[in-house]
Amino acid sequence: MNTAIYPGSFDPITYGHLDVIDRATTIFDKVIVAITQNITKNPLFTVEERLHHIKEMTKDYDKVEVDEFSGLLVDYAIRKNARAIIRGLRAVSDFEYEFQMALMNRRLREEIVTVFLMPNEKYTYLNSSIVQEIAQLGGDVSNFVSPLVAEQLRLKLGKLTAETQKKNNA
Ligand code: PNS
C-alpha cells in the first residue's frame, strides 16, 4: 500500500488544506493527516479539537486517516510504513521554509520523499493564522473553513476575549 503522511499544525484546518488532501488521495492509496506540535507556534485549538475538525471535514474520504504524533516526522512516517510526506506549496514565500524542511527530512531519512502539491490558486492567500485573525476581529470566515470550525472559532475566540477582559478588569 502506497501511504503518504500529510503533517501540519492544522490550527485550524482550512479549505486550502482540504484541497491538498483531495489531490493527495488521487495519487496515494492512503493519506494520513497527522497533527503535531510546531514548536514555533502557540496553538489556539487543542489536539483533540483539531482531530475532531479534521475527521469531520474528511469523513467522506475513504482513503484518509487522521492521527496525531510527537517526535520527529520522519520517524513517524517510518512507523506508519509511509514513503512520502505531503506538503502544500502556495507561493514562493512558502518555498524557503519548505525547502529547508524537505532537505533536512531527507538528510534524516533518505528513504522518505517529500511531495509538494499546489492547492487551487484561489487558496494562495489562505493560511490558518490569517483565518484566526479574521475570526478574532469579527470577520466572516465561512469561505475558508467548515461551518464546524467557523462556529468553534467564534466560541473559542469569544471565550478568550471574555477572559482577557476579566483579567484587565481584575
Ligand atoms: O503546519 P505547519 O506548522 O507548517 O507544519 C510544520 C510541521 C508540523 C510539519 C513541522 O514543524 C514538523 O515536521 N514537526 C515535527 C517535528 C520534526 O520532525 N521537526 C523537524 C522538521 S525538519
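Couple of notes before you dig in:
- Gap separating the Cα centres of segment 142-170 and segment 3-35, nearest whole Å: 26 Å
- Exposure rule at most 16 other beta-carbon atoms within 10 Å, DSSP loop chymotrypsin sites (Phe, Trp or Tyr not before Pro): the chain longest free segment: 62-124
- Gyration tensor (alpha-carbon) shape descriptor, segment 19-100, a/c threshold 1.5: rounded
- Choice from Ser70, Ser129, Ser93 showing the highest fluctuation, given a GNM over the chain with Cα pairs closer than 10 Å: Ser93
- Gain in span if fully extended, Arg79 to Gln37, counting 0.36 nm per residue against the direct Cα distance: 13.3 nm
- Over the chain, Cα pairs under 8 Å with separation of 6+ residues give a relative contact order of 27 percent.
- Pairs of lysine residues in segment 15-147 that meet both criteria, 8 or more places apart or on different chains and Cα atoms under 15 Å apart, total 6.
- Within segment 33-48: backbone nitrogen closer than 15 Å to the Leu155 label point (7 Å, Cα to C-beta): 45-48
- Note on Val113 and Glu163: with the Förster distance fixed at 35 Å, the Cβ-Cβ geometry gives a FRET efficiency of about 0.20.
- Separation of the Leu148 and Tyr61 label points, Cα + 7 Å toward Cβ, nm: 1.4 nm
- Most fluctuating residue given options Ile32, Ile21, Ile134, as computed from a GNM of the chain linking Cα atoms under 10 Å: Ile134
Read-outs: derived from the displayed coordinates by stated rules, not from any lab. Not measured: the values here are computed from a predicted model. A quick note on method: Cβ atoms are made from the backbone with ideal geometry, for glycine too, and the neighbour counts reach across all protein chains shown.
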